[in-house]
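Some notes on the structure that comes next.
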Amino acid sequence: MDVYESMLAIDYKIVLGAAATILGFIGYVPYVRDTLRGTTRPHIFSWLTWGIMETIAFFAQVAKGAGAGAWATGTSAVIMFFIIGITLTHADKQIRPFDWVALFGALVGIVLWRLTNSPLLAIIFVTIADAFGFIPTFRKAYRKPHEETLFEYVCSAMKWIVSLPAIGAFNLATALYPISLIFTNSAFVIMALVRRKSILSEEFSNDVR
């Protein structure tokens with residue numbers, strides 16, 4: 001019975017890991033399409049930071065036994081670098097001083113990661129750096145909320161939710177990063193939707209006048 005239950009647990013995690021990976025891929029498809037069309041304009045600093053962070057987090061999760069729970073992270077890293085390539089010609093060109101501060105904060109996180117051999121510390125630094133990397137996109141979307149494909153961020157939050165139960169060895173090193181991404185992606189979607197509604201209300205008020 002123990003062996004049978006173990007097999008069921010393994011299959012359960014594999015299915016969830018695969019589902020999270022597929023869900024993430026589904027979210028990226030319209031994002032890539034809209035970027036190529038020019039309706040979505042990614043911020044190069046954010047996607048460069050995320051690509052690096054996802055790669056680091058993937059290897060740190062693998063080192064701590066995340067198993068199928070790391071599949072979504074590894075797949076996201078590959079796709080992100082593909083989006084970075086597209087972003088070079090379709091990116092938001094308005095780089096603000098604060099964006100450079102955020103990028104610097106992310107790079108500091110990478111340096112701190114390189115200075116330690118601890119997967120847990122690596123994940124902590126990656127989580128902090130990823131949050132810094134999100135700042136330029138938050139700023140841009142606050143000003144131009146319609147220049148982001150929110151479906152991708154919704155799928156991203158859902159992807160990480162699904163991936164959590166798929167983690168083989170559930171601990172702070174393997175779970176902290178996906179949990180942080182659930183919160184940042186959800187907060188981003190809520191902020192962008194509120195801003196879209198606000199802008200629509202302002203435009204309606206101006207038309208009435």
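The values are calculated or read from the model by the stated rules, or taken from the named source; none is laboratory data. Just so we're clear, the structure is a prediction, and the values are computed from it rather than from any experiment. Please note: Cβ atoms are built from the backbone with ideal geometry, for glycine as well, and neighbour counts cover all protein chains shown. SASA here: full protein model, heavy atoms, side chains in, ligands and nucleic acids out. Shrake-Rupley method; radii C 1.70, N 1.55, O 1.52, S 1.80 Å.
Considering only the Cα atoms of the stretch 39-140, their convex hull presents on average a projected area of 6.4 nm².
When 138, 81 are compared by accessible area of protein heavy atoms, the largest-first order is 81, 138, using a 1.4 Å probe. When you count the other C-beta atoms within 10 angstrom of each residue and take the mean per peptide, 19-31, 155-167 line up highest first as 155-167, 19-31. Long hydrophobic helices in the chain: the complete DSSP H runs spanning 27 Å or more by Cα along their own axis with mean Kyte-Doolittle hydropathy of at least -0.5 are 2-37, 44-63, 71-90, 119-143, 172-208. Taking 0.36 nm per residue of separation and subtracting the Cα-Cα distance, full extension of the segment from residue 201 to residue 118 would add 24.9 nm. The simple spin-label model puts a point 7 Å past each Cα toward its Cβ; for residue 171 and residue 191 those points are separated by 3.3 nm.
Could you tell me the distance between the Cα centroids of the stretch 159-205 and the stretch 22-87, to the nearest Å? Centre-to-centre (Cα) distance: 15 Å.
Remind me, what semi-axes does the chain give for its equivalent ellipsoid, largest first in whole Å, using sqrt of 5 times each Cα gyration tensor eigenvalue?
That gives 32, 21, 14 Å for the three semi-axes.
Could you work out what % of the accessible surface of the chain is carbon and sulfur, using a 1.4 angstrom probe and leaving DNA, RNA and ligands out of the count? Carbon with sulfur: 74 percent of the solvent-accessible area. Taking the square roots of five times each eigenvalue of the Cα gyration tensor of the stretch 98-209, the equivalent ellipsoid has semi-axes of 33, 18, 7 Å, listed largest first. Under a Cβ-Cβ cut-off of 13 Å, what is the net charge of the residues other than residue 174 that fall near it, where Lys and Arg count +1 and Asp and Glu count -1? Net local charge, residue 174 excluded: +2.
Summed over qualifying helices (DSSP H, 4 residues or more, each -39500 (n - 2.57)) and divided by its residue number, the chain shows a 222 nm mean residue ellipticity of -28500 deg cm²/dmol.
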